[in-house]
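Data first, discussion second: the structure below is written as structure tokens.
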Amino acid sequence: MAKGKKIDTIEKLATLMENGFSDLREELDSRFEEVNLALGHVQDDVRSVRYDVKDLKTEVAEIKADLKAHGKAIDKDSLTLINHDRRISKLEHAR
């Protein structure tokens with residue numbers, strides 16, 4: 001009878017272990033799916049950020065070109081004002 005109990009206990013232990021491993025496998029599969037979904041969302045976000053950065057680079061280049069053009073126009077206008085001021089000064093002295 002003692003051997004029967006030991007065998008029965010070993011079979012119960014084996015069944016419990018099998019059920020435990022099965023539950024663990026299911027839980028791991030579930031978590032693996034969740035991680036894959038989250039990773040997919042992260043990859044989508046990274047792609048979106050990359051496209052946004054490309055757009056920003058283009059816009060920054062356009063802004064730099066505009067600023068450079070404005071700077072040149074301001075320099076040209078400044079020189080024109082200085083030249084006009086000199087002419088006015090010369091005309092005032094000529095009177």
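No lab work stands behind these numbers, since they all come straight from the coordinates. The structure presented is a predicted model; accordingly, all values stated were derived computationally and were not measured. Every residue, glycine among them, receives a Cβ derived from its backbone with ideal geometry; neighbour counts consider all protein chains shown.
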Task: Unique residue being part of a helix (DSSP H, G or I), loosely packed, with under 10 Cβ neighbours inside 10 Å and of a type in the set (D, E, K, R) when the list is Lys72, Lys5, Lys54 - done: Lys5
- [ ] Consider Ser48 carefully, then state whether it is among the hydroxyl-bearing types (Ser, Thr, Tyr), under 30 Å from the mean Cα position of the chain (by Cα) and surrounded by 10 or more Cβ atoms within 10 Å (Cβ to Cβ).
- [x] yes
- [ ] Considering each of Glu27, Glu34, Glu11, Glu18 in turn, give the residue that is under 24 Å from the mean Cα position of the chain (by Cα) and among the charged types (D, E, K, R).
- [x] Glu34
